[in-house]
Amino acid sequence: MAFDNELVEEESFAELFAASEQEQESNRVVEGEIVEIQEDKALVGVGDKLEGIISLDEIRDENGELKYGVGDKIKVMITGYYNERPKISHKKVIEQEKIMQFIDENKDDYENLVIEGTVVKKNRGGYVIESDDMHFFMPRSLAAFKEGDNVIGRKIKAQVIKIDPEENSVVVSRRKLFNEERKRKKEIIDKLMEEESIVEGVVKKITSYGMFVDVGGVDGLVHYNEISYKGPVNPSKLYKEGDTVVVKAIDYDKEKRHLSLSIKAVQPDPWEEVENELDEGDTITVTVSNIENYGVFVDLGNDIEGFLHISEISWEKNVKNPNDYLSVGDQIDVEVIEINPKTHKLRVSLKALQPKPFDEFVKNYREGDVVEGEITSLTDFGAFVKIDKVEGLLHNQDVSWEKGAKAKDLFKVGDKVEVKIAKINEQEGKISLNRKALLESPLESFAKNHKVNDIVTGKIRDIKDFGVFVTLEEGVDALIRDEDLAPLNKEELEKDQEIEAVISQIDTKRDRLRLSVKKLDYIKSQAILDQINEDDATNSLGELIKDKIQK
């Protein structure tokens, strides 16, 4: 075993420690007398008219005050000589007395003794650990430090593996402590996993993702999903460090050495009751327990939470904040819309128990009704208008008679607008609105001052395969079909060319205006003939026609 190898080298450990301290002779302890105190040192007489020097730091108390004065007796250790002046230390005397007391108290029972101290020195054989003003030796092979680590000043724990009263030395091992702790933790974990034990633990640390619980000296993580059957919960709202909790080991990752614990695994699964007693479509009474931006959590009263998504709160499309509709503590009736015992998810709906706004709208309104609504949003293709609790679409082409008009250029959100219900699509739940149907069209205004057979002048706006579109001065568009263009030649016509024609049709219901050049030509010809008939009968017909045409 590793521990046996340690025993083989025990004799050399003491020698290495002695060498590291450069002890000379017997390190005699004598009683000296302080003969002078200077700024940073004191002179101590040690007999034979010899005086040694010690730092004042060796004779200060915890508050930095000197514990001795001139004339006081003080024990010092003579560790050697320099230029015939003895090298002395009061601190080594105290340390020697403490280590002797430590050895005396523990020499017969130190198998599980652990010290905690600071690495203060490194030598060729190992490290010196200082603990409670005592120095312990830790061989390099038992230090378990990584190569290149700067360990001076590091606080560590180590296990005592040898006490030598004759050498007045104590040898410790950090590696043995690790091995013992690893072995002990493995035994605890194996027992927990094999027996599926239910044990008590103490909460050591709470984090955002769960809490670490000490079970018999081993730390395990209770993930926030394993605290309650309600789902993820904030552990800091339920527990504090130092609380005792009952847990069960549910998994151990040997590679990562992670122990997973569960609190809810100790409790009866309330989802079995839900699965047996609830069905989708049932109406239940719940209490609002938590409100988030995306929805509301509701408590069923048996350690189970359901979720009410923001889209299931109201039939209104623009629900932005659940707090506008519900408060924590509210008791509400909801409909169960999904139960999933495997994933422990229960979804409910509040709006499912409320009248559907579209159904109410269909009861109260008909196509052709004129109503007032409020602009709720504007898009590139039109505007959505709220009427009671539903929204209808007012498309750009139905906003105004003005060509190219867009709703977003005419309105802003919140504006009131009068519209006509153009179509109600019950199957798709859509409503089409029309505003320009309530406005006088340019053609209606034109028709007040014009009639069929009136002669008008306009400019060609567009030339199509079937005819020519002409814009009149009043901003009204009219169509001259190919068959009504004669005697004009279509191939010779150009855009923006001025053209004269007669009104052949005015249809304000279908917003249509038709012109005819052919009819105008006929009317003019007929007018010429009428005039000819009124002229002197002595004139020949041919001459009169020629004369009128020349005019």
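The values are calculated or read from the model by the stated rules, or taken from the named source; none is laboratory data. Since we're looking at a predicted model, the values are computed, not measured. Cβ coordinates were reconstructed from backbone atoms using ideal geometry, including for glycine residues, and neighbour counts include every protein chain displayed.
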Subject >> Search result, residues across the range 380-396 that are surrounded by fewer than 14 Cβ atoms within 10 Å (Cβ to Cβ) and either over 26 Å from Asp477 (Cα atoms) or more than 37 Å from the chain's Cα centre (by Cα) (or both) >> reply: Asp388
Original post:
Has the range 365-379 got at least one residue that is without any contact (Cβ under 8 Å) to a residue 12 or more places away in the chain, surrounded by 13 or more Cβ atoms within 10 Å (Cβ to Cβ), not assigned by TED's automatic domain parsing to the domain that holds Thr287 and not aliphatic (A, V, I, L, M)?
Top reply: no
Original post:
When only residues in the range 236-271 that are in a strand (DSSP E or B) and touching a residue at least 60 places away in the same chain (Cβ under 8 Å) count, which is surrounded by the most Cβ atoms within 10 Å (Cβ to Cβ)?
Top reply: Leu261
Original post:
Any idea which residue in the range 473-519 is surrounded by the fewest Cβ atoms within 10 Å (Cβ to Cβ), counting only those that are of a type in the set (Val, Ile, Thr) and under 25 Å from Leu438 (Cα atoms)?
Top reply: Thr508
Subject >> Matching option when the condition is surrounded by fewer than 13 Cβ atoms within 10 Å (Cβ to Cβ) and not in a helix (DSSP H, G or I), among Glu167, Glu187, Glu200, Glu194 >> reply: Glu200
Subject >> Test: residue in the range 304-320 that is among the charged types (D, E, K, R) and in contact with a Gly (Cβ under 7 Å, 6 or more places away or on another chain) >> reply: yes
Original post:
How many residues, within the range 475-504, are part of a loop (DSSP other than H, G, I, E, B) and either more than 60 Å from the chain's Cα centre (by Cα) or in contact (Cβ under 8 Å) with a residue 60 or more places away in the chain (or both)?
Top reply: 10
Original post:
Taking the range 43-79 only, how many residues are part of a strand (DSSP E or B), touching a residue at least 24 places away in the same chain (Cβ under 8 Å) and not β-branched (Val, Ile, Thr)?
Top reply: 6
Original post:
Which residue, of Glu111, Glu130, is within 23 Å of Arg28 (Cα to Cα), among the acidic types (Asp, Glu) and out of contact with any His (no Cβ under 6 Å at 6 or more places or on another chain)?
Top reply: Glu130
Original post:
Looking at the range 91-112, which of the residues that are farther than 30 Å from Tyr68 by Cβ, surrounded by fewer than 16 Cβ atoms within 10 Å (Cβ to Cβ) and touching a residue at least 24 places away in the same chain (Cβ under 8 Å) is farthest from the chain's Cα centre (by Cα)?
Top reply: Lys107
